Each structure stands twice: as C-alpha cells, then as structure tokens.
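No lab work stands behind these numbers, since they all come straight from the coordinates. Predicted model, so just to flag it, every value in this text is computed and none were measured. Note that we place each Cβ from the backbone using ideal geometry, even for glycine, and neighbour counts take in every protein chain shown.
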C-alpha cells in the first residue's frame with residue numbers, strides 16, 4: 001500500500017470550506033481513480049493547517065495521480081481558495097494497525 005500526503009496552511013476561516021470541498025467534490029473524483037483505497041483530510045486543532053492523506057493499492061496507481069498529472073492539478077485547483085504553501089509526500093506503508 002502507498003500513501004500520498006499533502007500538508008498545507010489553511011487560509012484563515014476556510015477550514016470548514018476545505019473539509020466540504022474535500023468531502024463533496026474531491027472524494028467523488030478520487031474514487032474513480034484506479035487503485036484508490038481511501039482518503040481523509042485532517043485539520044489541526046487551531047484551524048491553521050490541513051493534511052490530506054490518500055491510500056493507493058500500488059506505487060504505480062499513486063504515481064499516476066501524482067504531481068504533474070491532470071488529476072492532481074484538478075484536485076489541488078478545487079482547494080486553491082482554502083490551502084496555501086502545499087508540501088507533497090509519498091510513502092510506502094511499513095505497518096498499519098487495522099482492526
């Protein structure tokens with residue numbers, strides 16, 4: 001399993017908008033991507049930072065939707081009004097505790 005993270009600063013007052021856009025606009029698009037497993041958005045308790053996490057079946061599936069892809073440009077564009085100073089990361093899962 002592979003994971004992409006995007007960490008960003010939230011535009012002040014836009015935390016609720018970021019969650020709504022992620023839930024209502026991005027998740028329906030990401031669910032259509034081959035190899036997609038699940039995703040989440042996390043907001044820090046001060047409402048200043050957000051992190052999105054998406055899980056993928058394979059490195060190839062993750063990379064097909066990575067920086068430079070039309071998919072990621074579309075998704076990031078949806079959150080442009082809410083998030084600034086984005087930083088991207090790609091990870092492989094070493095261990096996950098799942099019930």
Margin query: Would the range 41-99 count as rounded, prolate or oblate if I go by the C-alpha gyration tensor, calling it rounded below 1.5 in a/c and otherwise prolate when a/b exceeds b/c, oblate otherwise?
Written below: oblate
Next item on the list: Evaluate the distance, in nm, between pseudo-label points positioned 7 Å from the Cα of residue 87 and of residue 46 along their respective Cα→Cβ axes.
Entry: 1.5
Notebook entry, point to check: How much mean residue ellipticity at 222 nm does the chain get from its helices, if each DSSP H run of length 4 or more adds -39500 (n - 2.57) and you divide by all residues, to the nearest 500 deg cm²/dmol?
Noted result: -6500 deg cm²/dmol
Notebook entry, point to check: At what distance in angstrom do the alpha carbon centres of the range 1-21 and the range 39-80 lie from each other?
Noted result: 8
Check: Relative contact order, percent, of the range 2-92 when contacts are C-alpha pairs under 8 Å separated by at least 6 residues?
Finding: 49
Note to self: Using a 7 Å offset from the Cα along the Cα-to-Cβ direction at both residue 95 and residue 9, what is the distance between the two label points in nm, to one decimal?
What the structure shows: 3.6
